[in-house]
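Below is one structure, written out as structure tokens; the observations come after it.
The values are calculated or read from the model by the stated rules, or taken from the named source; none is laboratory data. The model shown is predicted, which means the values in this text are computed figures rather than measured ones. Quick reminder, even Gly has a Cβ in these numbers, built from the backbone with ideal geometry, and neighbours come from all protein chains shown. Each accessible area value is taken on the protein alone, full model and side chains, heavy atoms only, with ligands, DNA and RNA left out. Shrake-Rupley method; radii C 1.70, N 1.55, O 1.52, S 1.80 Å.
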Amino acid sequence: MADYHWPPTDKCNLIGRRISRLDGPWKSSGRIKYSYDVNRPNMLHGKMVFSPHAHAKVVSIDTSAAERMPGVKAVEIMTEPGKEVFWEGHEVVAVAAETEEQVRDAARAIQVRYEKLPHLVSDAAPDKAGDHTKQLAEQTDGNPDQMLQQAEVVSEGEYGSPVITHCCLEAHGQVAEWDGDELTLYASTQNVSGIPGELAKANIVTSADKVRVLTPVMGGGFGSKFGADTWGLACARLAKKAGRPVKMMLERDQELMAAGARPSMYAKVKVGAKKDGTLVGWQSESWGTGGPDAQGGAPNLPYVVRIPDRRVKHTAVLTNIGPSRAWRAPNHPQMCVITMSALDDLAAKLAMDPVDLLQKNIQMTGQLSKTYSTELDKASELMDWKKKWHPRGDKTPGPIKKGMGVSIHTWGGAGHPSNCNCAIQPDGSVSVSLGSQDLGTGTRTVIGIIAAETMGLPLEAVKVNIGDSKYPADGASGGSTTVGGVSSSTRRAATAALNQLLEKVAPSLSVKPEELEAVDGEIRVKGNPNKAISWKQACAKLGTSPITGVGQRQRGNDDLISSGVGGAQMAEVSVDTETGIVHVDKLVAVQDCGLIIDLKTAESQVYGACIMGVTYSLFEEKLMDEQTGRCLNADLEFYKLAGIDDFGDIVVHMMTGPGFDERGVIGLGEPPVISPGAAISNAVANAIGVRVPTIPLTPDKVLAALEQKGAVA
């Protein structure tokens, strides 16, 4: 019988190879339909009225004029009079009409009276935030005061990252369509299987099985698209009231104002070491702004490098900037910038290569210490670090200064709950079905590879069915948990189906089922490849009854997957000291993630993370006006993203082979986005000889740091 355990990678035809995405041709040709592309017969268009104030009480709402306007078919109050709104862009009313023009006019005609209330929208430190603070954590381990006092070298600094948004290419939204008491949602979501339960909980349907969610593809979520959201619920209610399908997608300004943001994080840090670089003590006071509540939790500082003697304190600053949501590796990029910048400044004070400082203290990274050490060595080789690195401050003549920076990071990546059905038909066709979603990461392709490898078939012989809540339930795609969950359930389902087929075929080959294997499109006797029948001949023995194998990601310890990864990144930058412009010349990313199913899509994940990292390192920041409480850059003109000229080479190396493959599948989407901010910030400090305390490393900040240093007259 077939064994569900992963085969050795050198015995695999598909697993671990570079394989192009199954949906690549559909996407590049425009054949596949995103939620934005869905247009149902007799469909209405929905828009929302948003609060223009950062904090206010809704006094009254008058929709009468809008309801009388041509084409208007339904209105839904989302925030009742007497309730408060807590950010500019807070949803108040939804309306549906025949055309986009009519619904825009109707939204403008709705009269909402507000009573303005005090607001806070700035990235204020706790001592300047008044009563808008909430202390989340204070902890002391060991004796940091004594250790810092005894330290031979101490470095102090302030570091941080501002609020940024997810800026999904496809904005949040959906099309809602009723058929009697059953609802179909064409939603841009990271949680196909979970949305029906939300609709039932909101009493929009009588039970979750009355809802079907369809998400064949979606244009990015990065942690912001787990829920149905207020607009998803309102869209369903509008469609119910109107008796017609309603399409309601957020506009770009609404996306940036209301659909989530990554919280800021700042810290005052004091770190000490012996002269040989041994870290002895850490002290930090951190704070962050994450919207009107304290979501996001307290950071775990110092990051990765666990200095035994430490004191940490974290305060949340509650602001009226819109809700925080999980953003690709929640809290990790911010913690990484703070920790790795502080250690880099300490290395400079020690006159020590920062890579040597990390290697000196590598045992403080815990179980992954050997992995980190190996990854730092590999990154150094790919960057030619020892040749290019210089002590802080590029002394070569001219305004262009070059510098090098390094960072390490970690992530979990355990698989989420997942169920899969694998069907083998009498005609030889194979399909796998599960209620997962592909956020653009290659999930559909990974599922296909595993099923095809299990069956000994080419990839094109397997049909992958995902993106439909009617398929077996699967977890939300967050925390880099998807690939582990679907890999386990798919492998188990495919193995179960194959073993049923082997039992059917065994008598015709006069052997026991456990003597058979599926290889290269055949069912054959192990050790006797001449005794075989083709896959189609084998399936024909099913008669008229297909086979279905069921697989489930095992609760607790699942021996097909694992968690806990490390990564090392190095950045090389050029800084124009006359303009303050930073250019990333090269970014090296070395990453492990256990057993890699598709090397091409794995590398693609890292490339994408590095590009995202360059973007938040150099450009991204949600800018708020302190007086009006409004977002100043809720568009793609002034909410800056990196362009192709803003970075040079990106070199990706995946850690594979002994020591990695046998760990099983581990998630990859988040870890490589963590280190770019720290590595690039450290490279800029190395280039210009002074720390730019916070990212993004914009020209004004670079010039200010140079001026403070005295390098600019």
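LYS531 accessible area, nearest 10 Å², 1.4 Å probe?
My reading of the accessible area for LYS531 is about 80 Å².
Take every DSSP beta bridge with both residues inside region 565-713 and express the antiparallel ones as a percent of the total, to the nearest 5.
On the way: 11 of 19 bridges.
Counting only bridges with both partners in region 565-713, antiparallel ones make up about 60 percent.
Keeping every protein chain present and rolling a 1.4 Å probe, give me the accessible area per residue for region 50-200 in Å².
Working: 6870 Å² over 151 residues.
Result: 46 Å² per residue.
What's the extension gain from ARG663 to GLU381 if we count 0.36 nm per residue and subtract their Cα-Cα distance?
Working: separation 282, 0.36 × 282 = 101.52 nm, distance 2.52 nm.
Full extension of this stretch gives 99.0 nm more.
Once you have a ≥ b ≥ c as the square roots of the Cα gyration tensor eigenvalues for region 620-711, tell me rounded if a/c is under 1.5, and otherwise prolate or oblate according to whether a/b is larger than b/c.
Working: a/c = 2.64, a/b = 1.56, b/c = 1.69.
Since a/c reaches 1.5 but b/c is at least a/b, the shape of region 620-711 is classed as oblate.
Output the Kirkwood hydrodynamic radius of region 314-363, Cα pairs only, in Å rounded to one decimal.
After inverting the mean inverse Cα-Cα distance, the result is 13.4 Å.
Counting only heavy atoms of the protein chains, get the accessible area per residue of region 339-435 (1.4 Å probe) and round it to a whole Å² value.
Numbers: 3820 Å² over 97 residues.
The answer is 39 Å² per residue.
For a bin width of 20 Å, list the pair-distance distribution of the chain built from all Cα-Cα distances, rounded to whole %.
17, 45, 31, 7, 0
What is the distance in Å between the Cα centres of region 166-220 and region 4-73?
Rounded to whole Å, the Cα centres lie 10 Å apart.
So which GluC sites (Glu not before Pro) in region 139-247 end up in coil per DSSP with only 16 or fewer other C-beta atoms within 10 Å?
Working: sites: GLU152, GLU156, GLU158, GLU170, GLU177, GLU182, GLU198; in loops: GLU152, GLU170.
Of the GluC sites (Glu not before Pro), the ones in loops of region 139-247 whose Cβ has at most 16 other Cβ atoms within 10 Å are GLU152.
In region 486-528, which residues have a backbone nitrogen under 14 Å from the label point lying 7 Å from VAL550's Cα in the Cα-to-Cβ direction?
Hits in region 486-528 for VAL550 at 14 Å: 493-494, 496-497.
Can you tell me how much longer the chain between LYS134 and GLN111 gets when fully stretched, taken as 0.36 nm per residue apart minus their C-alpha distance, in nm with one decimal? Please report the intermediate quantities before stating the final value.
Details: separation 23, 0.36 × 23 = 8.28 nm, distance 3.55 nm.
In short, 4.7 nm is gained.
If you bin every alpha carbon distance in region 179-253 into 5 Å steps from zero, what whole percent lands in each bin?
Whole-percent P(r) values from 0 Å outward: 3, 16, 28, 29, 15, 7, 2.
Roughly how many whole Å is it from the C-alpha centroid of region 488-514 to that of region 648-713?
Answer, in whole Å: 50.
Between ASP645 and ARG17, what is 0.36 nm times their sequence separation minus the Cα-Cα distance? Round to one decimal in nm. Don't jump to the answer; show the numbers that get you there.
Details: separation 628, 0.36 × 628 = 226.08 nm, distance 3.07 nm.
Difference between extended and current length: 223.0 nm.
Please give the net charge around LYS600, taking every other residue with its beta carbon less than 10 angstrom from that of LYS600, where Lys and Arg add +1 and Asp and Glu add -1. Could the numbers behind the result be given before it?
On the way: positive: ARG17, ARG18, ARG21; negative: ASP598, GLU603.
Neighbourhood net charge equals +1.
Run the reach check for LYS395 against aspartates and glutamates, Cα to Cα strictly under 20 Å, same-chain hits fewer than 8 apart removed. What comes back?
ASP344, ASP345, ASP353, ASP384, GLU572, ASP576, GLU578, ASP585, GLU707
Using Cα-Cα distances under 8 Å and only pairs 6 or more residues apart, what relative contact order does the chain have, in percent? Before the final figure, lay out each step's value.
Details: 1875 pairs, mean separation 120.8, N = 713.
This gives 17 percent for the chain.
Any idea how far the Cα center of region 540-588 sits from the one of region 233-292, in Å?
Taking the Cα centre of region 233-292 as reference, the centre of region 540-588 is 22 Å away.
Using a 1.4 angstrom probe on the protein heavy atoms only, could you order GLU626, GLU517, GLU100 from most to least accessible area?
Working: GLU626 120, GLU517 55, GLU100 75 Å².
Highest to lowest solvent-accessible surface, that is GLU626, GLU100, GLU517.
I need the trypsin sites (Lys or Arg not before Pro) found in region 1-105, filtered to DSSP loop residues with at most 14 other beta carbons within 10 Å of theirs.
Numbers: sites: LYS11, ARG17, ARG18, ARG21, LYS27, ARG31, LYS33, LYS47, LYS57, ARG68, LYS73, LYS83, ARG104; in loops: ARG18, ARG21, ARG31, LYS33, ARG68, LYS83.
Within region 1-105, the qualifying trypsin sites (Lys or Arg not before Pro) (loop, at most 14 other Cβ atoms within 10 Å) are ARG18, ARG31, LYS33, ARG68, LYS83.
Per residue, how large is the accessible surface of region 523-604? Use a 1.4 angstrom probe and give square angstrom.
Values: 3310 Å² over 82 residues.
Result: 40 Å² per residue.
Of LYS349/LYS387; LYS134/LYS402; LYS116/LYS313; LYS11/LYS386; LYS57/LYS210, which sit over 30 Å apart, Cα to Cα? All intermediate terms of the calculation are to be shown ahead of the outcome.
Values: LYS349/LYS387 21 Å; LYS134/LYS402 41 Å; LYS116/LYS313 34 Å; LYS11/LYS386 38 Å; LYS57/LYS210 36 Å.
Cα-Cα > 30 Å for LYS134/LYS402; LYS116/LYS313; LYS11/LYS386; LYS57/LYS210; rest within.
Once you have the Kirkwood Rh of region 1-121 from its Cα pairs, apply Stokes-Einstein at 37 °C and 0.692 mPa s and quote D in µm²/s. Before the final figure, lay out the partial values.
Numbers: Rh = 18.6 Å.
The estimated diffusion coefficient comes to 177 µm²/s.
Please say if region 71-141 is rounded, prolate or oblate, where rounded means a/c under 1.5 for a ≥ b ≥ c the square roots of the C-alpha gyration tensor eigenvalues, and otherwise the choice is prolate for a/b larger than b/c and oblate otherwise? Don't skip to the end; give the middle numbers.
Details: a/c = 3.44, a/b = 2.88, b/c = 1.19.
Judged from the Cα gyration tensor, region 71-141 comes out prolate (a/c at least 1.5, a/b above b/c).
Need one value: the accessible area of MET257 in square angstrom, 1.4 angstrom probe, rounded to the nearest 10.
My reading of the accessible area for MET257 is about 20 Å².
For LYS709, project a label point 7 Å along Cα to C-beta. Then give me every residue of region 651-684 with its amide nitrogen under 17 Å of that point.
Inside the label zone: 679-684.
At 7 Å along the Cα-to-beta-carbon direction for both TYR607 and GLU503, put a label point, then send me their distance in nm to one decimal.
Modelled inter-label distance: 4.5 nm.
How far is it, in nm, from the label point at GLN149 to the one at LEU636 when both lie 7 Å from their Cα along the line to the Cβ?
5.8
Would you work out what percent of the accessible area of region 630-713, with all protein chains in place, is carbon or sulfur (probe 1.4 Å)?
Numbers: 1860 of 3400 Å².
Solvent-exposed carbon and sulfur of region 630-713 make up 55 percent of the total.
Determine, for each peptide in 368-378, 203-213, the mean count of other beta carbons within 10 angstrom over its residues, then list the peptides with the highest first. Walk me through the numbers before you get to the answer.
Working: 368-378: 18.7, 203-213: 16.4.
Descending mean neighbour count gives 368-378, 203-213.
What is the calculated FRET efficiency for LYS536 to GLU158, with r their C-beta to C-beta distance and R₀ = 56 Å, to the nearest 0.05? List each step's numbers first, then the result.
On the way: r = 68 Å, r/R0 = 1.21.
Here the calculated transfer efficiency is 0.25.
Quick check: at a probe of 1.4 Å, how many percent of the accessible area of region 553-609 sits on carbon and sulfur atoms?
43
Please report the net charge: other residues with Cβ closer than 10 Å to the Cβ of GLU572, K and R +1, D and E -1.
On the way: positive: LYS388, LYS402, LYS586; negative: ASP384, ASP585, ASP649.
Every neighbour counted, the sum reads 0.
Using helices alone, I'd like the mean residue ellipticity at 222 nm for the chain: each DSSP H run of four-plus residues gives -39500 (n - 2.57), total over residue count, nearest 500.
-8000 deg cm²/dmol
Only Lys, Arg, Asp and Glu count, each charged at its Cβ (+1, +1, -1, -1), so figure out the dipole size of the chain about its Cα centre, rounded to 20 debye.
Working: 74 positive and 84 negative charges, 194 e Å.
Its charge dipole is roughly 940 debye.
Using a cut-off of 10 Å between beta-carbons, work out the net charge of the residues near CYS631 (Lys and Arg +1, Asp and Glu -1, CYS631 not included). Mind dumping the intermediate values first?
Numbers: positive: LYS622, ARG630; negative: GLU88, ASP253, ASP625, ASP635.
Counting the neighbours of CYS631, the net charge comes to -2.
Carbon-plus-sulfur fraction of the accessible area of region 429-545, 1.4 Å probe, in percent?
Values: 1940 of 4010 Å².
On region 429-545, the fraction of accessible area on carbon and sulfur atoms equals 48 percent.
In nm, to one decimal, how far is the GLU182 label point from the ASP141 one, both placed 7 Å along Cα→Cβ?
For GLU182 paired with ASP141, the spin-label model returns 5.4 nm.
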